[in-house]
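Novice: Take this structure, written in structure tokens, and hold onto it; I'll ask about it next.
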Amino acid sequence: MRLLLAGLMSVVMFAAAPTPKDCTSCHEVDLVAFEASKHGGMGCVGCHSSITSLPHADKPKPVTCASCHEDQVKAYSKSVHGQAKLHGMTDTATCQSCHGSAHKIQSGSQPTSPVNSKNLADTCGACHSNPNFLAKHKIPFAKPVEAYRLSVHGREVAKGNTSAPSCSNCHGSHDILASKDPKAKVNRANVAETCGVCHNDVQAIYADSVHGLAVKRSSNDSPTCTGCHGEHSILAPKEAGSLVNPARVSTVTCGRCHGDERMNSRYEFGDKVPAFQDSFHGLAIRGGQKTAANCASCHGVHNILPSADIRSTINPANLQKTCGQCHPGLGEKISHGRVHVRTAGGAEHISVQWIRWAYYALIPMTIGFMLFHNGIDWLAKLRRHKPHHGTGEQLPRMNKWFRITHGMVMVSFIVLVITGFALKFPDAGWVQAVGLHGAGATRAILHRIAAVVISAATVLHFIHLALVKKDRVILIELLPGWQDAKDIVNTLRYNLGLTDKRPTFGMFGYAEKMEYWAFMWGTVVMAVSGLLLWAQNWSLRHFPTWVLDAATAAHWYEAILATLSILVWHWYLVIFDPDVYPMDLAWLTGKASADHLRETRPEYYRQLMEKGNPEGGSDTGGESGH
């Protein structure tokens, strides 16, 4: 009887349970949206289970999602959001914050669901894109959602790629933990596994690398995936802003650790980053060349191993193959020399050291003498205020062939200086002004064309002298002698006011002789070193790497010396010397001032007059004012 009574009461209670239509008489609920939602089939009492009849109590028991979603609620309670709510944070994320109204909840696979991968950035962004929210809770990441949207992942999700990761793929959904939590998916110890869900082949390679093994040993310095690729703003390597773009990977990404002074003192990386930046490869990348080798080209990407490991791409046994990717046909000598060498110190071959110290002495001595010599000459001539070129008469000084070769040298030298220093200082403002920044290939072509032209001019000069006997006399006249040393001393004494007698010269003075032979010496040094660097593949097949290091050092320091010599010595002789100012135009017209020749080279002037001013006689170095 009791069982029958209980059954009847249950039927009555069930029959009396309110329906959604009954509820809407008091509560404004969109029945169409509710019935289409995930909860629609449950009816109102599916969640509001404490309500069994109408009218119900004023304050029914609160709804708990754990009744159906026990695991999710348990995970949420331990999450960063759940813990924040537990500690009284009123604006933390709740179930409704992410999934939407309980009466309209949709499956995550539905395109309009707030937790659909395509919409999740907007959902998370409701808080994490709010600057006031970020500031209030001292969240250090600036605009993480905006960065994600611009990333390669965010763009793929926006295109509808359902396999591309959204916020929950990396951070979790209900179980989001702070990154410092060892169990967090974004904890640095777990990042590789998190990324490995999609990139499992890369993860396996990285796990065995020097970086991956260091992370396993709990190193806080070794990079994880996010250390190199970034966190929210991950871009494809080909994109200019990517941290692993060839133009940035060496200096920005690898250099962030390997170029850091504190990291260097801890792990003794050495000066490999600045050495690379000063190398041809580093300079080419800084100048905008995208095909030059970077750190990853030689060391690998995810498979970076110590050089002692036989599997390493930079193990001596593998260097021939590694470098051969760009320099085919390399010999085994590539493994005999150091790779990261600085031309201005650090670990370097003894040949590079000797070249550097030789030029460290030669450049200051040479340019210092030139500045002193020209300085007192200029001051002395200004003090005398002696007029020159009084008659305006002109005499032959440079014939056609000398002017042609001089013109070839003049133009090619200027191009060589601009394109050469543009390589060495790719970030300088003047490099951008002349349009060479980012134009590595153009710069290289112009530099090599100019090198061929100046070399051809030198060869043509000697062919000319070999074929024309009357012009060959300059080789005898340009030979230095003891008298030139006396002339230097006497000129200095005259300009210092220690004697009233002005020195005179023959066809050429010591200034032209010094410049002529210095030019010939510099041309040989630059041509030989330049050819070794130009034909780098051939050089690497036949010589150890220190030969190219020595050629690089010689080419660089000789370029400095040559450029300064032209600016300080040659330009003074043909432009700023008060005796020829504003310019000696012999290089253009082939003629020089008869008054000046008569005053400074009386014997040579007499010979010209006796010969009836023949077309001949040359000064390939320009007219001297001494």
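The values are calculated or read from the model by the stated rules, or taken from the named source; none is laboratory data. The structure presented is a predicted model; accordingly, all values stated were derived computationally and were not measured. Methodologically, a virtual Cβ is constructed for each residue, glycine included, from the backbone with ideal geometry; neighbour enumeration extends over all protein chains shown. Heads up: the accessible areas ignore ligands, DNA and RNA and are worked out on the full protein's heavy atoms, side chains in. Shrake-Rupley method; radii C 1.70, N 1.55, O 1.52, S 1.80 Å.
Novice: If I histogram all Cα-Cα distances within the chain using bins 10 Å wide from 0, what percent of pairs lands in each bin?
Specialist: 3, 11, 16, 14, 12, 10, 9, 8, 6, 4, 3, 2, 1, 0, 0, 0
Novice: In whole Å, how far is the Cα centre of region 513-592 from that of region 107-151?
Specialist: 61
Novice: I'd like the Karplus ³J(HN,Hα) series for region 21-28: coefficients 6.51, -1.76, 1.60, θ = phi - 60°, whole numbers in Hz, and an x wherever there's a Gly or Pro.
Specialist: Couplings: 5, 5, 5, 6, 5, 10, 10, 7 Hz.
Novice: Could I ask something else about it? Suppose a student asked you for the relative contact order of the chain, using Cα pairs under 8 Å spaced at least 6 residues apart; what percent would you report? Walk me through the numbers on the way to the answer.
Specialist: Working: 765 pairs, mean separation 70.2, N = 626.
Taking the mean separation of contacting Cα pairs over the length of the chain, I get 11 percent.
Novice: Specify which residue in the list Q394, Y359, T194 is farthest towards the positive end of the charge dipole of the chain, using unit charges on the beta carbon of Lys, Arg (+1) and Asp, Glu (-1), about the Cα centre.
Specialist: It is T194, whose Cα lies furthest towards the positive end.
Novice: Over region 368-518, what is the mean sequence separation of C-alpha contacts under 8 Å (at least six apart), divided by residue count, expressed as relative contact order in percent?
Specialist: Working: 83 pairs, mean separation 37.4, N = 151.
That works out to 25 percent.
Novice: I would also like to ask the following. Can you give me the angle between helix 440-467 and the longest principal axis of the chain, using Cα atoms only, in degrees from 0 to 90, rounded to the nearest 10?
Specialist: On a 0 to 90 degree scale, this one is about 10.
Novice: Continuing with this model, one more query. Measure out, as a whole number of angstrom, how far apart the alpha-carbon centroids of region 440-507 and region 259-331 sit.
Specialist: Value for the Cα centre distance between the two parts: 44 Å.
Novice: Okay, next question. Give the long-range amide H neighbours of Q394: residues separated by 5 or more places, or on another chain, with amide H under 5 Å away, using H modelled in the peptide plane at 1.01 Å from N.
Specialist: For Q394, the qualifying residues are A594.
Novice: Between rounded, prolate and oblate, where does region 230-300 land on the alpha carbon gyration tensor, with a ≥ b ≥ c its root eigenvalues, rounded for a/c under 1.5, else prolate if a/b exceeds b/c? Let's see the in-between values first.
Specialist: On the way: a/c = 2.30, a/b = 1.23, b/c = 1.87.
The shape class here is oblate.
Novice: Before anything else, pin down the relative contact order of region 246-382: Cα pairs under 8 Å, at least 6 apart, normalised by residue count, whole percent.
Specialist: On the way: 113 pairs, mean separation 23.0, N = 137.
Relative contact order comes out at 17 percent.
Novice: Could I ask something else about it? Which value, in debye to the nearest 20, describes the size of the charge dipole of the chain about its Cα centre when Lys and Arg Cβ atoms bear +1, Asp and Glu Cβ atoms bear -1, and nothing else is charged?
Specialist: 400
Novice: Please state the shape class of region 505-568: rounded when a/c is under 1.5, otherwise prolate if a/b exceeds b/c and oblate if not, all from the C-alpha gyration tensor. Provide the component values of the computation, followed by the final result.
Specialist: On the way: a/c = 4.30, a/b = 2.74, b/c = 1.57.
Prolate is the answer for region 505-568, as a/c is 1.5 or above and a/b outweighs b/c.
Novice: Now a separate question. Keeping every protein chain present and rolling a 1.4 Å probe, give me the accessible area per residue for the chain in Å². Working shown, then result.
Specialist: Details: 35610 Å² over 626 residues.
On a per-residue basis, 57 Å².
Novice: Of all alpha-carbon pairs in region 259-412, indicate the percentage at a distance above 22 angstrom. Walk me through the numbers on the way to the answer.
Specialist: Working: 7870 of 11781 pairs.
Summing the P(r) tail past 22 Å for region 259-412 gives 67 percent.
Novice: Also: Carbon and sulfur together cover what percent of the accessible area of the chain at a 1.4 Å probe radius? Display every interim value, and only then the final one.
Specialist: Values: 22690 of 35610 Å².
About 64 percent, which is the carbon plus sulfur part of the accessible surface.
Novice: What is the helix-to-structure angle for 2-16, meaning the angle in degrees between its Cα long axis and the longest Cα principal axis of the chain, kept from 0 to 90 and rounded to the nearest 10?
Specialist: So the helix axis and the longest Cα principal axis differ by about 50 degrees.
Novice: Nearest 500 deg cm²/dmol is fine: what mean residue ellipticity at 222 nm does the chain get from its DSSP H runs of n ≥ 4 alone, each adding -39,500 (n - 2.57), divided by its residue count? Please report the intermediate quantities before stating the final value.
Specialist: Numbers: 33 runs with 326 residues, N = 626.
When only DSSP H runs of four or more count, the value is -15000 deg cm²/dmol.
Novice: Right, here's the next one. Which ³J(HN,Hα) values, rounded to whole Hz and listed in residue order, are derived for region 55-67 from phi using the Karplus coefficients 6.51, -1.76 and 1.60 in 6.51 cos²θ - 1.76 cosθ + 1.60 with θ = phi - 60°, glycine and proline given as x?
Specialist: Each residue of region 55-67 in turn: x, 9, 5, 4, 10, x, 4, x, 6, 10, 5, 5, 4 Hz.
Novice: Within a Cβ distance under 15 Å of L305, other residues only, what is the Lys/Arg minus Asp/Glu net charge? Walk me through the numbers on the way to the answer.
Specialist: On the way: positive: K216, R311, K321; negative: D208, D309.
After counting each charged neighbour, the total is +1.
Novice: Relative to the longest principal axis of the chain, what angle (0 to 90°, nearest 10) does the C-alpha long axis of helix 350-384 take?
Specialist: Taking Cα atoms only, the helix is inclined about 60 degrees.
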